[in-house]
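**Q** Quick one: this structure, given as structure tokens, is what I'll be asking you about.
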Amino acid sequence: TQVEVDQFLENLRPLTPSFPPRDLSKTTIQPLSSVFFSESDSFGGKAANVAELRRIMPANAPDGFAIPFYFYDEFMKHNNFYTEAQAMITAPDFQSNLTIREARLETFRSRIKKESTFPAWMETALTTLQNSFPSDISPRLRSSANAEDSITFNGAGLYDSYTHKANEGHIGKSVRQVWASLWNYRAYEEREFYRIDHLTSAMGVLVHSNQKNEQANGVTVASNIFIPTREGYYINAQIGEDLVTNPDVASSPEEILVSPLFGAETYEIQYIRFSNQLPNDKRVLTKPQILDLVAKMKLLNKHFNSLYNSSDSSFAMEIEFKITSEGKLLIKQARPWVN
């Protein structure tokens, strides 16, 4: 019954609200070389973890910049958006009516994107950021929220990322779009379910060069998700730019489980299913690519386990990766696997 469903879901929710940490002491856009794992409270887990990836495997992680939460916070105060948000989310009809809630969130996002201004100092800082990229390179701006990529809250797919194209003018357009996505309907609902405070949630931005014409993309977990007590690596991969994370309706990725072996072969590669975007005799990833991916996963899983100081034997990292047009492995994101 509906009562049983509601009770089941209520039992899954935390009992008390939580307030995502945000450190506003970092007040400037920083190159990833100057961002550290310990600064995720200032730049977001995604940006801090990519910066850390560059330290342990610089040839396999993107380089770029991180915009701190301070910019989002100052932008929201400059445009009086916190006051608007508070009035919106506390309105009785917003809380009780799903249709009204979705429509008002859409209107609020539109105001952030189209009816806002930057403080002069922020406009200057973003202009400098844009000018740091060659004219033939399109910057990729990716969400890096404090309600995302944590050890307790994954938040995958809740927020939006954008490639800023040359004909779009000032990069501030894409920055606004990423910030506005903090107020996506799906993001709001997920935070509300887990009792995560919306007004202390904040959005940083990871900025790096956009990659084109990739050979493949995918997601890997440093865990045997079918038998968690056994070592293994679970891989989803798809050909080209048909994203595993946001696939077309008719798209099914290649699904692989890699397990250790004793003997001449170090690993056993088991195909759970094949990509439906390729002929039956073709595979998305080659065997050398799979083994290279597993070797990298083993290294970064050990590294991040130490950083997160996890005593959980089931701790595992999840990454998003791509095979570039040149056939190179690029790890574009690393976050704790929240099972």
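**Q** Among the residues of segment 252-272, what is the count of those that are at pLDDT 90 or above and part of a loop (DSSP other than H, G, I, E, B)?
**A** 2
**Q** What pairs come out if I take residues in segment 96-124 that are in contact (Cβ under 8 Å) with a residue 60 or more places away in the chain and pair them with residues that are among the aliphatic types (A, V, I, L, M) and surrounded by 11 or more Cβ atoms within 10 Å (Cβ to Cβ) whose C-beta lies under 7 Å away, six or more apart or interchain?
**A** Taking only residues 6 or more apart or on different chains, the pairs are Phe108/Ala85; Phe108/Met88; Arg109/Ala180; Ile112/Ala180; Lys113/Ala180.
**Q** In segment 234-269, what count of residues is obtained for those that are over 19 Å from the mean Cα position of the chain (by Cα) and open to solvent by less than 60 Å² (accessible area, probe 1.4 Å)?
**A** Count: 14.
**Q** Taking into account only those residues within segment 304-339 that are farther than 24 Å from Asn217 by Cα and among the small types (Gly, Ala, Ser), which is least open to solvent (accessible area, probe 1.4 Å)?
**A** Per the stated criteria, the residue is Ser310.
For (1) part of a loop (DSSP other than H, G, I, E, B); (2) more than 26 Å from His170 (Cβ to Cβ); (3) out of contact with any His (no Cβ under 8 Å at 6 or more places or on another chain); (4) hydroxyl-bearing (Ser, Thr, Tyr), each residue gets a yes or a no:
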position: Tyr70; (1), (2), (3), (4): no, no, yes, yes
position: Phe75; (1), (2), (3), (4): no, no, yes, no
position: Gln86; (1), (2), (3), (4): no, yes, yes, no
position: Arg101; (1), (2), (3), (4): no, yes, yes, no
position: Arg111; (1), (2), (3), (4): no, no, yes, no
position: Thr127; (1), (2), (3), (4): no, no, no, yes
position: Ser143; (1), (2), (3), (4): no, no, yes, yes
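**Q** Which of the residues belonging to segment 189-208 are within 16 Å of the chain's Cα centre (by Cα) and not in a loop (DSSP other than H, G, I, E, B)?
**A** Those that are within 16 Å of the chain's Cα centre (by Cα) and not in a loop (DSSP other than H, G, I, E, B): Glu190, Arg191, Met203, Gly204, Val205, Leu206, Val207, His208.
**Q** Let me ask something additional. Of the conditions (1) touching an Asp or Glu at 6+ places or on another chain (Cβ under 7 Å); (2) under 21 Å from Leu53 (Cα atoms), Asn301 clears all except one; give me its number.
**A** (1)
**Q** Does segment 35-62 hold any residues that are open to solvent by 50 Å² or more (accessible area, probe 1.4 Å) and over 11 Å from Ile331 (Cα atoms), and which are they?
**A** Phe36, Ser38, Asp41, Arg55
**Q** Does segment 193-209 contain at least one residue that is open to solvent by 80 Å² or more (accessible area, probe 1.4 Å) and not small (Gly, Ala, Ser)?
**A** Yes, some residue in segment 193-209 is open to solvent by 80 Å² or more (accessible area, probe 1.4 Å) and not small (Gly, Ala, Ser).
**Q** What are the pairs with Cβ atoms under 9 angstrom where one residue, in segment 9-29, is farther than 11 Å from Tyr194 by Cα and the other, located anywhere, is among the β-branched types (Val, Ile, Thr) and open to solvent by 70 Å² or more (accessible area, probe 1.4 Å)? Sequence gap at least six, or different chains.
**A** Every condition considered, the pairs that remain are Ile29/Thr128.
**Q** Can you pull out the residues in segment 93-139 that are of a type in the set (D, E, K, R) and open to solvent by less than 70 Å² (accessible area, probe 1.4 Å)?
**A** Passing the criteria: Asp93, Arg101, Arg109, Arg111.
**Q** Of everything in segment 273-292 that's in a helix (DSSP H, G or I) and within 17 Å of Gly240 (Cα to Cα), which residue is most open to solvent (accessible area, probe 1.4 Å)?
**A** In this case the residue turns out to be Gln289.
**Q** Of the conditions (1) free of Cβ contacts under 8 Å to residues at least 24 places away in the same chain; (2) within 30 Å of Leu300 (Cα to Cα), Asn49 satisfies every one except a single condition; which number is it?
**A** All conditions are met except number (1).
The values are calculated or read from the model by the stated rules, or taken from the named source; none is laboratory data. Quick caveat, the model's predicted, so the values are computed rather than measured. Neighbour counts run over all protein chains shown; Cβ positions are idealised from the backbone, glycine included. We work out accessible area using only protein heavy atoms, side chains counted, and drop any ligands, DNA or RNA first. Shrake-Rupley method; radii C 1.70, N 1.55, O 1.52, S 1.80 Å.
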